[in-house]
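The values are calculated or read from the model by the stated rules, or taken from the named source; none is laboratory data. Bear in mind that the values here come from a model prediction, so they are computed numbers and not experimental data. Ideal geometry is used to build each Cβ from the backbone, glycine not excepted, and the neighbour counts take in all protein chains shown. Just the protein is used for accessible areas: all its heavy atoms, side chains included, with ligands, DNA and RNA removed. Shrake-Rupley method; radii C 1.70, N 1.55, O 1.52, S 1.80 Å.
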Amino acid sequence: MQPLPSPCPGHLIPDVSDGFDAAYRAARARRAVFVAIEHEGQQWTVKADALTAGPGHAVGEMVYEALRAAVVRLVQERETGPDAYAGPVYFMLHGVPSQQRARELAAAFHAALYGDLEALHRAVPDPDREA
């Protein structure tokens, strides 16, 4: 598995439906943020984990709050299941309806975990921020 650029285009987000453990170990060995999607029946799961990047990689409070708020909006809009998990360094979204949307969200979460919130704001707009 090749290292992912940051920001990472959605089409490069790996589908780890049949290889989660190997992909997670590879991210940890590279000391990189882990991000992937998995197919679950007709829906998709997004996983992002900053622990694999090692102790020198910190998720700042502003980034965490933006990611947490995005997860809340996604649950409220029913774009992910109510069992979504929001951090502080690990994020999981179950029940994403399409592979394309899962890739978009995964890429946005990956960029955010590297401190770039622009893709997150595009993928999960905050109506209060728009006003």
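Counting only residues that are open to solvent by less than 30 Å² (accessible area, probe 1.4 Å) and under 13 Å from the mean Cα position of the chain (by Cα), which one in the range 87-102 is farthest from I37 (Cα to Cα)?
G87
So which residues in the range 41-74 are open to solvent by less than 50 Å² (accessible area, probe 1.4 Å) and closer than 19 Å to D18 by Cα?
Correct list: W44, T45, V46, K47, A48, D49.
Of all residues in the range 15-39, which are more than 21 Å from G87 (Cβ to Cβ) and outside any helix (DSSP H, G or I)?
D15, S17, D18, G19, H39
Any residue at all in the range 86-108 that's of a type in the set (S, T, N, Q) and assigned to a loop (DSSP other than H, G, I, E, B)?
Yes - at least one qualifying residue is present in the range 86-108.
What are the residue pairs meeting all of these: first residue in the range 38-56, first residue of a type outside the set (D, E), second residue assigned to a helix (DSSP H, G or I) and open to solvent by 10 Å² or more (accessible area, probe 1.4 Å), Cβ atoms under 6 Å, and 6 or more apart or on different chains?
So the pair list comes out as W44/Q99; T52/R28.
Could you say whether any residue in the range 30-49 is more than 22 Å from L12 (Cβ to Cβ), over 15 Å from the mean Cα position of the chain (by Cα) and acidic (D, E)?
So the first thing to find is which residues in the range 30-49 are more than 22 Å from L12 (Cβ to Cβ), and the list is 41-42.
Cutting the leftovers down to over 15 Å from the mean Cα position of the chain (by Cα) gives us 41-42.
Keeping just the survivors that are acidic (D, E) gives none.
No, the range 30-49 contains no residue that is more than 22 Å from L12 (Cβ to Cβ), over 15 Å from the mean Cα position of the chain (by Cα) and acidic (D, E).
Given the conditions (1) crowded, with 19+ Cβ neighbours inside 10 Å; (2) more than 12 Å from the chain's Cα centre (by Cα), report the number of the one that D116 does not fulfil.
(1)
Looking only at the range 61-96, which residues are in contact with a helix residue (DSSP H, G or I) (Cβ under 6 Å, 6 or more places away or on another chain) and free of Cβ contacts under 8 Å to residues at least 12 places away in the same chain?
Scanning the range 61-96 gives a single hit, P82.
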